[in-house]
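Visitor: Handing you this structure, nothing more for now.
The values are calculated or read from the model by the stated rules, or taken from the named source; none is laboratory data. Computed from a predicted structure; not experimentally measured. Cβ atoms come from the backbone with ideal geometry, glycine included; neighbour counts cover every protein chain shown. The area values use the complete protein model at the heavy-atom level, side chains included, leaving out ligands, DNA and RNA. Shrake-Rupley method; radii C 1.70, N 1.55, O 1.52, S 1.80 Å.
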Amino acid sequence: MGRDSPGQRQMRMRIAQMAARIMAEDGIDDFALAKRKAARQTGAPDTRNMPDNAEVEQALREYRDLYQAGEHAERLVALRQAAVRVMQLLAMHDPHLVGPVLTGTAGRYACVDLHLFTDEPKELEMFLVNHRVEVRPREARVHVGGEARTVPGFEFDWSGTCFKALVFSRKDLRLGVRLAAEGRPQDGARADAVARMLAAPAPG
């Protein structure tokens, strides 16, 4: 980025700001999709000056602070409260909150993303069945340590909140989960850490 020309930096900023607006207004939480849409809308679909996720995330924070501060703060609190409740129920499977609800960039229609680390997937399945939770199978391609892997998971609704969970083995926790080979491991937080976030006084 240090060698970018002023024109390249300006294009990156324009795309980042447009992607942030798309994510905030349309409820999209996929950075790659938002950036592609933004590049098309700025008339540069084949640009090589695509911003990275950190640049879009910063632009998204700025957009929400400016246009959606009250609404976004209330929604984020509600999503984190729901996450804590479900994580406490799933405690034996070591759930970690990840993604936009943790980082604070969750949109209007965001789901809560969880990573579960368990060596007892059958017990997890039985828990959900016993609580009459209707699950929708899913899977995702991620990188665990240095290995690309398709990981099983499921989606479900709990008290009106959408959840998306991926299921890993316990040993995967120390390896780190990346969304892309070149990315850094996703941050994750257990229920007690999320509860402390909720208890902390609001900035300002």
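Visitor: Estimate the FRET efficiency between residue 134 and residue 30 by the formula 1/(1 + (r/R0)^6), using the beta-carbon distance for r and 30 Å for R0, to the nearest 0.05.
Guide: On the way: r = 24 Å, r/R0 = 0.81.
Plugging the Cβ-Cβ distance into 1/(1 + (r/R0)^6) gives 0.80.
Visitor: Give me the percent of accessible area attributable to carbon and sulfur for the chain, probe 1.4 angstrom.
Guide: Values: 5890 of 11730 Å².
After summing per-atom areas, the C and S share lands at 50 percent.
Visitor: Go through 134-142, 55-63 and give me the packing order, highest mean Cβ count within 10 Å leading.
Guide: Values: 134-142: 12.6, 55-63: 20.0.
The packing order, highest mean first, is 55-63, 134-142.
Visitor: Heavy-atom accessible area per residue, the chain, 1.4 Å probe: how many Å²?
Guide: In whole numbers, the chain has 58 Å² accessible per residue.
Visitor: Quick check on region 68-129: take the gyration tensor over C-alpha atoms, sort the square-rooted eigenvalues as a ≥ b ≥ c, and tell me if it's rounded (a/c under 1.5), prolate or oblate.
Guide: Working: a/c = 3.06, a/b = 2.59, b/c = 1.18.
Judged from the Cα gyration tensor, region 68-129 comes out prolate (a/c at least 1.5, a/b above b/c).
Visitor: Can you tell me how region 1-160 classifies by the Cα gyration tensor, rounded, prolate or oblate, using a/c under 1.5 as the rounded cut?
Guide: Details: a/c = 2.70, a/b = 1.78, b/c = 1.52.
It comes out prolate by the Cα gyration axes.
Visitor: Taking all protein chains together and a probe of 1.4 Å, list 29, 94, 192, 172 from the most accessible to the least accessible. Please report the intermediate quantities before stating the final value.
Guide: Numbers: 29 60, 94 25, 192 90, 172 0 Å².
Result, largest first: 192, 29, 94, 172.
Visitor: Rounded, prolate or oblate: pick one for region 67-204, where a ≥ b ≥ c are the square roots of the eigenvalues of its C-alpha gyration tensor, a/c under 1.5 means rounded, and failing that, prolate if a/b is larger than b/c, else oblate. Before the final figure, lay out each step's value.
Guide: Working: a/c = 1.73, a/b = 1.27, b/c = 1.37.
Note, shape of region 67-204 comes out oblate.
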